[in-house]
Each structure stands twice: as structure tokens, then as C-alpha cells.
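S.K.: Take this structure first; my questions come after.
The values are calculated or read from the model by the stated rules, or taken from the named source; none is laboratory data. The shown structure was predicted, so the numbers you read here are calculated from the model rather than taken from an experiment. For neighbour counting, all protein chains shown are included, and Cβ atoms are generated from backbone atoms with ideal geometry for every residue, glycine included. These area figures cover heavy atoms from the full protein model, side chains too; ligands, DNA and RNA do not enter into them. Shrake-Rupley method; radii C 1.70, N 1.55, O 1.52, S 1.80 Å.
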Amino acid sequence: MTDFFKGIPQIKYEGPSSKNEFAFRHYNPDEVVLGKRLEDHLRFAVAYWHSFAWPGGDPFGGQTFERPWFGDGMALAKLKADVAFELFDILGVPFYCFHDADARPEGATFAESLKNLNEIADYLQEKQSKHKAKLLWGTANLFSHRRWMSGAATNPDPDVYAYAAATVKANMDVTHRLGGQNYVLWGGREGYETLLNTDLKAERAHAGRFLQQVVEYKHKIGFKGTILIEPKPQEPSKHQYDYDVATVYGFLKDFGLEKEVKTNIEQGHAILAGHSFEHEIGLAAALGIFGSIDMNRNDYQSGWDTDQFPNNHAEKAVAFYEILKAGGYTTGGTNFDAKIRRQSLDPEDLVLAHVGGMDTCARALKSAAALLESDEMEAAVKARYAGWNDPKAQAMLKGSLEAAAARVIDEKIEPQPKSGRQERLENLWNRYV
């Protein structure tokens, strides 16, 4: 034990009436919902970067956290891993996620960074063998270092593209070795600041070829996990090429990857794109590219991605309703891509933020599951579209524009609007949340 979480007990389920701050009120991992344990539905993961690497800064101020593992060197990286697995044990989460830069010290050269990555991967593998938490997904940080300031795969310098390829290859190797169930690509700098110095066609083509190379390498090494793209519209770039789910799908179709790559959808990114979380999840499911989620929330009065822990179960229930409708996760999960506030300095704050987030998600999923099981909402939607079950309607879709138009004349069609019953369905929804 490192003593960082000294005195904090392992979190247990005590039920909704519990007054114990260090207990779950809604998340009982063994509770069976729709025929599956709650832990297996939610597949919680802790984000290494926000929980252990983030120093507490924001766009207007620097470090506020003082952690004993902050600094350079492998000894501190291993201390960070020790603390991380202590938190995983306290929470009982089955998974974690990390970028390479979160876990290993940056080297003076690529070869040194690679050596550090492999050494810390050996240490993480040893930790995994002794603890419950396993790797949900790994990824590479291709946005923080100054070398990435003009992008990685989309960089105008081919040497930077090569460096990105080497970095992703190394992290795919480590993710594969650690038994990761997914590999994520988030193009934090894959976009542009101004069109005055940007070749959009070339950058998009390079990004597409890079992703093809990633998929080719996945099959070469026998990685059975899912390749995920995480959409984000802006911040840090003015415009990013993975703007939202629809944009990503068009990109995948263009490069023949729509059967190979899925999406990792984040609440905060959906909001920045002008969408709701549930819209992005529902659209990804409809397009066959739903994979996983990063769970957080934005401050709706702030203009950037604030990555706060979820605390509104009614809001999240709509998202989980779409996930359950899609059949739930396969290799994906609920990763807390969320950070405690820069004023929340204590170890207890880090633990309780996750406890609250896990309870919020559990309550949300159970509400969504109850409504889905009742079939009331789905029955209402089916009734609204029932006319399309008519053979004439189906034939119209298969026929010509002229044939569809002729029906109006031949059958004297004069359609009258029908109520969408939105408020009634909102009332129905509120009875379950």
C-alpha cells in the first residue's frame, strides 16, 4: 500500500437509504438487470489521465494538485501505477484506460520513450495479474507535445506522420500485450486553425490512409479488440476532421473502413458538436459503428470541454436507453473521462467523484432498463410508423418517384397531420426516472 488512500475503505453497496458517504446507493455490481449483472452492463473504467496525470489546471491557471508521483522517472511512474490500482480496488471497477504519456516518462528520444513504455507495460501486466482491473483500451497521446502542434497523421511534415505511426504501433503492441479490448484513436490535433495554410484534401487523405494502416496492423498482429475513433468537433483545433458521429461515418465509408472501425462517444464532445449524447449514441447504433463511451458532463455555462463527473441520472438515462436498445456493449464500456475540480484537493475527493458517477450511471441504466422492459416507449414509436408496414408503402419505396406520385392521384390521398405526442412520451419517461 502507498498510503495515498490510507483510511478509505473499499466501497460496498448499501442501498438507497444509506447515509454512509463511502458506499454505493444504486450500484450493486451483482444486481441482475435484463438478465445481466449490473457490472457486466456498465463495464466501468477509470481514466488514467484525468485521475492520476492531470495536475489540476484549466485554460486560465496552472497546477493545483500536489501528488507524490508527479515528476519524471520510472520510479514515480511505478508509484503512480501502484496508486492507480489501489483506487481500482477501492471502487471495484473491472477496467481502466490510458494514454502512453499518462503511464510512462517521456524520453529524450523515441527509443527512450519506447523503452519506458515497455517497462511500465511490464509493470502494469504484473499489477493486472494480482488485481481485478484489466485494460479496456489503450491509446497514444498525439496532441500534447509540441511535435504534434500541426497534427499527427494530418501533419504537413511526413517525418511527423512517421513518428505518429511509430507511436501508435508501439501503443497497439502494448495494448495487445496487456489484453486490451479496444484501441482508441483520438485526433486531438487532427484539424486546422486556418484554411490559409491548410490543404484539406491532402490532410484528409493522409488521415484515411493512416487509419487503414492501423487496421492492417491490427490484423497482422492478431489483435482481436475493436479499433475506435473518438469524435470531437473543436478545442483544441478550430475544426477537427472527426467532428461528430455522422462525419466519422462518412470518413470511414470513404476509406472502406465502416466494417472495421467503431466510435468511442463522449458526452462533452457531443455537446460541443451541438448534439445530445443520446443523439450521437443512437446515430452510431443506427449506422452500425457504436462501440464505447467516455462518460462525463460539461458545464453548460462554460465554453469548453470541462469533463466533469456525471451527477444527473435523468439526463444519462436517455443515453443508456439508446445503448440498451442497441444491445449493450460488446468490447466497449463506460469510461469515466472525467476529472475532479481543481479545488478538490483531497484523495477522498477522487474516490467520491467516482462513487457518485457510478451511482448516477447505475440509477440511469436501471431506469432505462425498466422503461425498455415495459415496451411502452417502443410500442408508441412502432405505432407512429405503423403505416410503413403496409405492402403499398413498402412497394412505394422499391418503386419509382412517378409511381409514388401516382398514388396521390389514383387513391385521392389527402394526408392529415397526426400528433407526435411528445409531451405524453416525456411524461411517460419521467415516470421511470
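S.K.: Which of the pairs K220/K259; K36/K316; K6/K78; K127/K316; K127/K218; K36/K127 have their Cα atoms more than 23 Å apart in this structure?
M.R.: K127/K316; K127/K218; K36/K127
S.K.: Dipole size in debye (nearest 20) for the range 201-313 around its Cα centre, Lys and Arg Cβ +1, Asp and Glu Cβ -1?
M.R.: Details: 12 positive and 16 negative charges, 113 e Å.
It comes to approximately 540 debye.
S.K.: Calculate how steeply helix 401-410 sits against the longest principal axis of the alpha-carbon atoms of the chain, using the helix alpha-carbon long axis, and give the answer as 0 to 90 degrees to the nearest 10.
M.R.: 40
S.K.: Moving on. Under a 1.4 Å probe, what is the accessible area of the chain per residue, stated in Å²?
M.R.: For the chain, the solvent-accessible area averages 47 Å² per residue.
S.K.: Now a separate question. Using a 1.4 Å probe on the protein heavy atoms, what percent of the accessible area of the chain belongs to carbon and sulfur?
M.R.: 52
S.K.: Just to confirm my numbers, what's the Cα centroid distance between the range 404-424 and the range 145-177 in Å?
M.R.: A separation of 54 Å, based on Cα centres.
S.K.: Assuming 0.36 nm per residue, please report the length gained on full extension of the stretch V408 to A314 beyond their Cα-Cα distance.
M.R.: Stretched fully, the V408-A314 segment lengthens by 29.5 nm.
S.K.: Show the residues, 5+ positions off or on another chain, whose built amide H is closer than 5 Å to the amide H of F44.
M.R.: T334
S.K.: Here's another thing I want to ask about it. Scan the chain and hand back the longest stretch that contains none of the chymotrypsin sites (Phe, Trp or Tyr not before Pro) lying in DSSP loops with at most 13 other Cβ atoms within 10 Å.
M.R.: 61-299
S.K.: Let me ask something additional. Taking only Cα atoms, what is the 0 to 90° angle, nearest 10, from helix 422-432's long axis to the longest principal axis of the chain?
M.R.: In the chain, helix 422-432 runs at an angle near 50 degrees to the longest axis.
S.K.: Can you pull out the trypsin sites (Lys or Arg not before Pro) in the range 57-152 whose DSSP state is coil and whose Cβ has at most 16 other Cβ atoms within 10 Å?
M.R.: Answer by residue number: K132.
S.K.: If each of H239 and A75 carries a label point 7 Å out from its Cα toward its Cβ, how far apart are those two points in nm?
M.R.: Rounded to a tenth, the inter-label distance reads 5.1 nm.
S.K.: Is the chain rounded, prolate or oblate when judged by the Cα gyration tensor, a ≥ b ≥ c being the square roots of its eigenvalues, rounded requiring a/c under 1.5 and prolate requiring a/b larger than b/c? It would help to have the intermediate numbers written out before the result.
M.R.: Numbers: a/c = 2.04, a/b = 1.30, b/c = 1.57.
Oblate shape, in that a/c is at least 1.5 and b/c is the bigger or equal ratio.
S.K.: May I pose another question? Just flag the GluC sites (Glu not before Pro) in the range 314-421 sitting in loop per DSSP whose Cβ has no more than 16 other Cβ atoms within 10 Å.
M.R.: Passing both the DSSP loop test and the Cβ count: E411.
S.K.: Ok, one more. For the chain, take the longest principal axis of its alpha carbons; what is the angle in degrees between that and the long axis of helix 110-130, to the nearest 10 within 0 to 90?
M.R.: The helix 110-130 is inclined about 80 degrees to the chain.
S.K.: Given Cα pairs under 8 Å that are at least 6 residues apart, what percent is the relative contact order of the chain?
M.R.: 15
S.K.: Are there any trypsin sites (Lys or Arg not before Pro) in the range 7-58 that are in a DSSP loop and have at most 16 other Cβ atoms within 10 Å? List them by number.
M.R.: Those satisfying the criteria are K19.
S.K.: Hey, how many Å between the Cα centroid of the range 11-83 and the Cα centroid of the range 331-354?
M.R.: With the range 11-83 and the range 331-354 each reduced to a Cα centre, they are spaced 5 Å.
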